[in-house]
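Quick notes on the structure that follows.
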Amino acid sequence: PSSYARTMAFVPSLTTILTVADKPALTAWKVDQALMAALTLPRIEGESLDDFKKRASMDAKQQSIDAADEGTRIHAAIESYYCMTRGSSSPEWDEKYDSHVRATQAAIYYTFGNLDWRPEKSFCSPLGYGGKVDLHSDQVVIDFKTKDFGPGDKVVAYDEQIMQLDAYRHGLGYPTATMANVYISRSHPGEVRVIVHEEGDHYQRFCLLLEYWKLSK
């Protein structure tokens, strides 16, 4: 309950706060999954339209769940690699994800050089939000994103993803660090894109969302 959370001085996660903002790209992807399910699922003889809609909706949700689960496994493999480079004990990753790990490491090294990378750092900001950062150094803050794309596909960062990075770097205490998303392909193992973001008003807009979240709760 919210009263217990306040008593214990818990804070919301950064991603929870960002849910109050519209995410047109995510909404469009979900709509596309629903349309694909409706177009490709075979109809069952005698099935009512309402029952078919429910079945198509469940199929579309399962696609989202499967994509998120695969992204989690890719994240875990990359995290294990960077923990290993720091001498920390971490579980070995499935060799299925070796190409994801190697390509991600190579892309980050090519873009930023050999920095003192620290994986999976948690923080709690005095402003009242917290989070866990995928990878950072004193100079660069990185968030991993997994999605389906191939060698010729255009990959773009969405507004909420940049706000997330800006809030991360402020929460970590590195407000001038370079912000970057690293996109790792689920559909084409070894395909990785690094997008470095320019400065802007992302953090100010995140703070407005944080204030709205606090008032609404």
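The values are calculated or read from the model by the stated rules, or taken from the named source; none is laboratory data. Keep in mind that this is a model prediction, so the values were computed, not measured. Note that we place each Cβ from the backbone using ideal geometry, even for glycine, and neighbour counts take in every protein chain shown. Just so you know, the surface numbers come from the protein's heavy atoms only, side chains and all, with ligands and any DNA or RNA stripped out. Shrake-Rupley method; radii C 1.70, N 1.55, O 1.52, S 1.80 Å.
The table below lists the values:
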item	result
Exclusive hit being more than 29 Å from PHE144 (Cβ to Cβ), surrounded by 11 or more Cβ atoms within 10 Å (Cβ to Cβ) and modelled with pLDDT of 85 or more, set ARG55, ARG73	ARG55
Odd one out for LEU41 among (1) farther than 19 Å from GLY131 by Cβ; (2) open to solvent by 50 Å² or more (accessible area, probe 1.4 Å); (3) at pLDDT 85 or above; (4) in contact with a helix residue (DSSP H, G or I) (Cβ under 8 Å, 6 or more places away or on another chain)	(2)
Residues located in region 191-201, provided they are open to solvent by less than 50 Å² (accessible area, probe 1.4 Å) and in contact (Cβ under 8 Å) with a residue 60 or more places away in the chain	GLU191, VAL192, VAL194
Positions within region 123-154 being open to solvent by 10 Å² or more (accessible area, probe 1.4 Å) and charged (D, E, K, R), in sequence order	LYS132, ASP134, ASP138, LYS145, LYS147, ASP148, ASP153, LYS154
Set HIS188, HIS100, HIS170: member being open to solvent by less than 50 Å² (accessible area, probe 1.4 Å) and not basic (Lys, Arg)	HIS100
Condition check for GLN204: modelled with pLDDT of 95 or more, polar (S, T, N, Q), open to solvent by 70 Å² or more (accessible area, probe 1.4 Å) and part of a helix (DSSP H, G or I)	yes
Residue within region 153-166 that is at pLDDT 95 or above and touching a Pro at 6+ places or on another chain (Cβ under 9 Å) present	yes
Candidates ILE162, ILE184, ILE142 - the one that is closer than 27 Å to THR19 by Cα, among the β-branched types (Val, Ile, Thr), assigned to a helix (DSSP H, G or I) and in contact with a His (Cβ under 7 Å, 6 or more places away or on another chain)	ILE162
Evaluation of LEU115 against (1) part of a helix (DSSP H, G or I); (2) more than 30 Å from LYS217 (Cα to Cα); (3) open to solvent by less than 60 Å² (accessible area, probe 1.4 Å); (4) in contact (Cβ under 8 Å) with a residue 24 or more places away in the chain (one fails), failing number	(1)
Test result for GLU120, touching an Asp or Glu at 6+ places or on another chain (Cβ under 7 Å), open to solvent by 30 Å² or more (accessible area, probe 1.4 Å) and closer than 28 Å to GLY200 by Cβ	yes
